[in-house]
Every structure is written in C-alpha cells, then in structure tokens.
Amino acid sequence: MKTLLIFALLLLAAIPASAKDKELSGTIVSESSVQCGTENKSKKQSVEMMCQEYVIRTDTTEYHVRQEKEAHKELLPVNVAVEATISKDKMKFKVNGKSYEMLIVSESAAPAPAGAAKP
C-alpha cells in the first residue's frame with residue numbers, strides 16, 4: 001500500500017513538469033541548405049533532397065532547427081526576432097505572422113557577447 005501511494009505521488013509530481021512547453025525569445029541568426037534525405041525518381045536514379053536549417057539564438061543557447069517537410073520551401077529572414085515554444089524535439093514559432101514548426105536537430109551554448117570578460 002505504501003509503495004503504491006509513493007508511486008502515485010511521484011507520478012502526480014511529474015505531470016506538471018512535462019505538460020508545460022518551454023517558452024523562449026530568440027533571433028534567427030543564420031540559414032543554410034543541408035541534405036535531408038534522398039528521393040528515388042526511378043530504379044536507377046535518386047535525387048538528394050535539400051532542407052533549410054536555421055540557427056535560432058537565445059541568451060544562453062543556439063538551436064539548430066530544420067524544416068520537417070520539404071514542402072516548407074519558404075525562406076525565412078535572418079536577424080528576425082522570434083517567440084518560440086519547445087515541446088520534445090520540436091520548436092514552434094512565428095515569423096511575420098506565419099507559424100512554423102521545425103525539428104530541433106542540435107543545440108549548443110550560445111557564444112559569449114563580444115567584450116565579455118573571460119573567467
């Protein structure tokens with residue numbers, strides 16, 4: 001009985017933490033075209049598919065995000081502020097009033113601002 005009660009309490013404590021998406025503000029700092037698969041045109045010919053990959057920089061982190069589907073061919077402007085939410089491995093954000101959802105392919109620490117003191 002005690003084990004069941006402890007398990008139930010742990011489960012209830014974990015639900016609010018996972019239900020909330022992470023919200024952040026950032027800027028699109030770069031765009032590049034990367035290979036994101038191949039498509040077979042015929043039995044003997046395959047074509048490399050290219051996707052746009054963007055770097056979105058927040059105060060502390062750089063997120064590399066890639067379009068989820070090749071159908072999203074529209075290029076996004078660089079040096080544009082975005083308000084984004086992260087849920088699992090996807091980032092949702094708006095640019096110029098249009099919503100986008102992209103896969104997060106990597107993340108790293110944002111570089112220190114120019115002139116910042118080094119420890």
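How many nm is it between the label spots at D21 and S87, if each spot is 7 Å from the Cα in line with the beta carbon?
0.5
Would you be so kind as to identify which of S108, Q45, Q67 lies farthest towards the positive end of the dipole of region 21-109, taking Lys and Arg as +1 and Asp and Glu as -1 on Cβ and the Cα centre as origin?
Among S108, Q45, Q67, the one farthest towards the positive end of the dipole of region 21-109 is Q45.
Would you mind ranking I56, I104, I28 by Cβ crowding within 10 Å, fewest neighbours first?
Least crowded to most crowded, the residues run I104, I28, I56.
How would M49, M102 line up from fewest to most surrounding beta-carbon atoms within 10 angstrom?
By the 10 Å Cβ count, ascending, the order reads M49, M102.
Ranking M91, M50 by Cβ neighbours within 10 Å, fewest first, what do you get?
M50, M91
Across every pair of different alpha-carbon atoms, what Kirkwood hydrodynamic radius in Å does region 21-109 reach?
Value: 13.7 Å, from the Cα pair sum.
None of the figures in this text is laboratory data; all of them are computed from the coordinates on show. All values derive from a computational prediction rather than experimental measurement. Methodologically, a virtual Cβ is constructed for each residue, glycine included, from the backbone with ideal geometry; neighbour enumeration extends over all protein chains shown.
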